[in-house]
């Protein structure tokens, strides 16, 4: 099923994120890749059910978590209930004003596996740039990589695209960002995704695949990629600053 036009109201996204709770090591790895660039006042766009939010709270003083999907937002609130330094808003990015981010003194915007869900990504990036306090702000992105890997799971998740290094750099440049770092991540995961997309033609990841990947692959792959950045991978990780 193609959810690109229904993802903001579909329960499938919440179910997929609940499934990814099985991959605690992988989520830790994702968070570790953006943490070095992260400031203390964070706006997380598309927080889902809080898998990344909880890791950000271990670093930042304040996190405002935006989530437009009702099913995800309900779980997000429940998961973060009572957590200090967090504010949850049932908003799309268009609902978040410049006055709001200024009042919260936001210095970092985090979008983990979000931009691919946005039909007009350039327009959204320009809005995010305006929300940041000039060159002192930073945008941290993780997006699906390798357009050739686009398959049934991407459509089911509501992905409009997967990015190449060149296409992500281009859209960031057009939006007025200066790219500080841009690298591929998770080369082994890319092989599994290609198997699901091109051979198995799956529309959903399996619990067993996720558990095996998290337990057996992530521990050594994350260490190896810190030393030897891969030439390609399942994801692209970017840190960018407003202004060129």
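The values are calculated or read from the model by the stated rules, or taken from the named source; none is laboratory data. These numbers come from a predicted model, not from an experiment. Cβ coordinates were reconstructed from backbone atoms using ideal geometry, including for glycine residues, and neighbour counts include every protein chain displayed.
The table that follows gives values for the structure above.
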read-out	value
Residue check for residue 47: modelled with pLDDT of 95 or more and either under 17 Å from residue 110 (Cβ atoms) or in a loop (DSSP other than H, G, I, E, B) (or both)	yes
Subset of the stretch 166-177 [surrounded by fewer than 17 Cβ atoms within 10 Å (Cβ to Cβ) and not in a helix (DSSP H, G or I)]	176
Restricting the stretch 63-95 to residues that are touching a residue at least 40 places away in the same chain (Cβ under 8 Å) and touching a strand residue (DSSP E or B) at 6+ places or on another chain (Cβ under 6 Å), the residue that is surrounded by the fewest Cβ atoms within 10 Å (Cβ to Cβ)	93
Any hit, the stretch 145-165, residues being in a strand (DSSP E or B) and in contact with a strand residue (DSSP E or B) (Cβ under 9 Å, 6 or more places away or on another chain)	yes
Matching option when the condition is assigned to a helix (DSSP H, G or I) and buried (at least 17 other Cβ atoms within 10 Å of the Cβ), among 194, 190, 141	190
Sole residue being modelled with pLDDT under 95, more than 20 Å from residue 46 (Cα to Cα) and buried (at least 17 other Cβ atoms within 10 Å of the Cβ), chosen from 156, 149	149
Every residue from the stretch 127-138 that is outside any strand (DSSP E or B) and touching a strand residue (DSSP E or B) at 6+ places or on another chain (Cβ under 7 Å)	128, 129, 131, 132, 134, 135, 137
Single condition residue 119 does not satisfy, out of (1) modelled with pLDDT of 95 or more; (2) under 23 Å from residue 15 (Cα atoms); (3) surrounded by fewer than 15 Cβ atoms within 10 Å (Cβ to Cβ)	(1)
Those residues of the stretch 204-241 which are modelled with pLDDT under 95, within 16 Å of residue 149 (Cα to Cα) and crowded, with 17+ Cβ neighbours inside 10 Å, in sequence order	205
Check on residue 36, at pLDDT below 95, under 17 Å from the mean Cα position of the chain (by Cα) and not in a helix (DSSP H, G or I)	no
Condition met for residue 180 (in a helix (DSSP H, G or I) and surrounded by fewer than 17 Cβ atoms within 10 Å (Cβ to Cβ))	no
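One line per residue, one yes/no per condition, for (1) touching a residue at least 12 places away in the same chain (Cβ under 8 Å); (2) over 18 Å from the mean Cα position of the chain (by Cα); (3) within 22 Å of residue 123 (Cβ to Cβ):
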{"position": "166", "(1), (2), (3)": "no, yes, yes"}
{"position": "170", "(1), (2), (3)": "no, yes, yes"}
{"position": "181", "(1), (2), (3)": "yes, no, no"}
{"position": "185", "(1), (2), (3)": "yes, no, no"}
{"position": "188", "(1), (2), (3)": "yes, yes, no"}
{"position": "195", "(1), (2), (3)": "no, yes, no"}
{"position": "212", "(1), (2), (3)": "no, yes, no"}
{"position": "220", "(1), (2), (3)": "no, yes, no"}
{"position": "227", "(1), (2), (3)": "no, yes, no"}
